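S.K.: Starting off with a structure, shown below.
The values are calculated or read from the model by the stated rules, or taken from the named source; none is laboratory data. All values reported here derive from a predicted model rather than from experimental measurement. Positions of Cβ are backbone-derived with ideal geometry, glycine not excepted, and every protein chain shown enters the neighbour counts. Side chains included, ligands, DNA and RNA excluded: accessible areas come from the protein's heavy atoms. Shrake-Rupley method; radii C 1.70, N 1.55, O 1.52, S 1.80 Å.
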Number of protein chains: 2
Amino acid sequence: MQSFKEENYLKAIYQLKIGDQKEVVTITDIAVQLGLKTPTVLEKIKSMAIKKLISYDKISGVQLTKNGFDVAVNIVRRHRIWETYLYKELKFSWSEVHEIAEQLEHVNSAKLIEKIYAILGYPKFDPHGDPIPDLKGVLPKSERRPLSKSVEGCKLLILGVSEHSDSFLNYLSEKHIGLNDRFVIEKIDGFDESLMLISKSKERCLVSAKAAKFIQVACLKENCACKASGGTTKA
Amino acid sequence: MQSFKEENYLKAIYQLKIGDQKEVVTITDIAVQLGLKTPTVLEKIKSMAIKKLISYDKISGVQLTKNGFDVAVNIVRRHRIWETYLYKELKFSWSEVHEIAEQLEHVNSAKLIEKIYAILGYPKFDPHGDPIPDLKGVLPKSERRPLSKSVEGCKLLILGVSEHSDSFLNYLSEKHIGLNDRFVIEKIDGFDESLMLISKSKERCLVSAKAAKFIQVACLKENCACKASGGTTKA
DNA sequence: TATTAAAATTAGGTATACCTAATAATAAAA
DNA sequence: TTTTATTATTAGGTATACCTAATTTTAATA
Ligand SMILES: [Mn+2]
Ligand SMILES: [Mn+2]
Ligand SMILES: [Mn+2]
Ligand SMILES: [Mn+2]
């Protein structure tokens, strides 16, 4: 068994590796992720290596063992299932669920999590569009993809950006496009592939094909024609 | 704010004082309750006294301050609401809920607990028959008391148990004593205080004085001689 | 390659939370 | 009232989980 501190280390390593697609996870990466100092992290990493939850060497950095991976996946799974339960069953708002799920993910009862997962009807994605791993750690194909791969009628959730220049971020704020905003694709231009988005408050904005490549979205519409690729995710 | 360790100390003190009706709560009492050694408890009690969560002196023992009482009541409230939710909404068995509630009681979200309490319809008692305190810490009045405080002729309704070990629960099922069953007290032995119960179907069963302390009942006989004292409850 | 920047590591310290063993203070019993 | 338990307290130790400051190693760059 492992403490919730160790669970948080394992989850952080999982996020860096699987979420952020880092080939090598460093002590510094983990320290930044958890808001700790590197000597603290190094010390813990050494002790977790002795426990065979991870392996660590300078060439390949920190890596999850089979055992460590199983624990990490389980925490991510619980987090995303709880977020979904809080959102769908208990009617919490989209922005409230993460903080509570950070606590609930450490409640250790397989029966409890499978029970609420069954009540939810075995969903594949959490309210942020992130994939819920199955009991073996296999992820459903992620809905996260660039805005450019949309079709008309997509119900989109803005998940992030893959470009961080000021000019691009200014572009987004001028168009009133923010993280976690929702839009529907009204029209995609046949010539230049620019996209007309409508917000919940019926505000329209036109996004160029170039910009659309750098906006990461998930389509929340069931069985939408857009579903066809992969990318990065967060809890 | 306080850690979940401190929450457990405060809850233990509350249980000893309000549940077990101890006038003076000692370091040893707390150590036994939490399965710790007295020096460990003394150290913590000193630090919690500095934090004004409790007071401690040899004459009056350990006492909850206003602040400490509020925290303790809140943990007990969360515990009992979660137990009820697990039992009623998530269909867990009577004997499974306590262990999971021990974890869930430390999840810190007033909104979450009030939401599930509303879903349950604001019940006054948990699945073991223990009272759920309101937000101010006031307990609903109940006729509930241990079977041991009976007199001959009491017409009893089994409301719950204040002990959750397998051996005790097996004892009850062997004697065919279950939740909501009714019995009359035929005889109380003058020497060992064991009780002979008769069920509606005229089945007799003998309950030891020790077991009777952990069986919670209400007496349905008007003006019965048994009505005259207090009792113990557990979470 | 020499210099500089970044990352990892070592050394040493603090706070919490537990323990055992020994002693002191109280309460109970003989 | 002595003796004996029980309870509380002190002293000293371990493990975890954090920190800062200094140093070493490795990588980048001029
Ligand atoms: Mn999420
Ligand atoms: Mn989250
Ligand atoms: Mn209960
Ligand atoms: Mn309980």
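S.K.: Take B:GLU114 and decide whether it is among the acidic types (Asp, Glu) and buried (at least 19 other Cβ atoms within 10 Å of the Cβ).
M.R.: When the stated conditions are applied, B:GLU114 does not pass them.
Condition check ((1) assigned by TED's automatic domain parsing to the domain that holds B:LYS200; (2) buried (at least 19 other Cβ atoms within 10 Å of the Cβ)) across all residues:
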| site | (1), (2) |
| --- | --- |
| B:GLY121 | no, no |
| B:PHE125 | no, no |
| B:HIS128 | no, yes |
| B:PRO133 | no, yes |
| B:GLY137 | no, no |
| B:LYS155 | yes, no |
| B:VAL161 | yes, yes |
| B:HIS164 | yes, no |
| B:LEU169 | yes, no |
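S.K.: Looking only at residues in the stretch B:89-102 that are open to solvent by 10 Å² or more (accessible area, probe 1.4 Å) and closer than 20 Å to B:LEU16 by Cα, which one is nearest to the chain's Cα centre (by Cα)?
M.R.: B:HIS98
S.K.: Select from the stretch A:100-135 the residues that are more than 17 Å from A:VAL73 (Cβ to Cβ) and at pLDDT below 95 and write down the one among them that is farthest from the other protein chains (Cβ to nearest Cβ).
M.R.: Among those that are more than 17 Å from A:VAL73 (Cβ to Cβ) and at pLDDT below 95, it is A:GLY129.
S.K.: Now a separate question. Of all residues in the stretch A:70-88, which are within 16 Å of A:GLN2 (Cβ to Cβ) and either within 16 Å of DNA strand C (Cβ to nearest atom) or over 17 Å from the mean Cα position of the chain (by Cα) (or both)?
M.R.: A:ASP70, A:VAL71
S.K.: Let me ask you something else. Answer with yes or no whether B:SER3 is within 20 Å of B:ILE59 (Cα to Cα) and open to solvent by less than 60 Å² (accessible area, probe 1.4 Å).
M.R.: no
S.K.: Within the stretch B:29-85, restricting attention to residues that are of a type in the set (Lys, Arg) and within 12 Å of DNA strand D (Cβ to nearest atom), which residue is most open to solvent (accessible area, probe 1.4 Å)? Quick ask: steps written out before the conclusion?
M.R.: Step one: of the stretch B:29-85, the residues of a type in the set (Lys, Arg) are B:37, B:44, B:46, B:51-52, B:58, B:66, B:77-78, B:80.
Subsequent filtering for residues that are within 12 Å of DNA strand D (Cβ to nearest atom) retains B:37, B:44, B:46, B:58.
Details: B:LYS37: 151, B:LYS44: 49, B:LYS46: 119, B:LYS58: 187 Å².
The residue in question is B:LYS58.
S.K.: Still on this structure, I have one more. Are there any pairs, at least 6 apart or on different chains, whose C-beta atoms fall under 7 Å, with the first in the stretch A:79-98 and free of Cβ contacts under 8 Å to residues at least 12 places away in the same chain and the second open to solvent by less than 10 Å² (accessible area, probe 1.4 Å) and within 12 Å of ligand 2 (Cβ to nearest atom), and if so, which?
M.R.: Pairs found: A:PHE92/A:LEU86.
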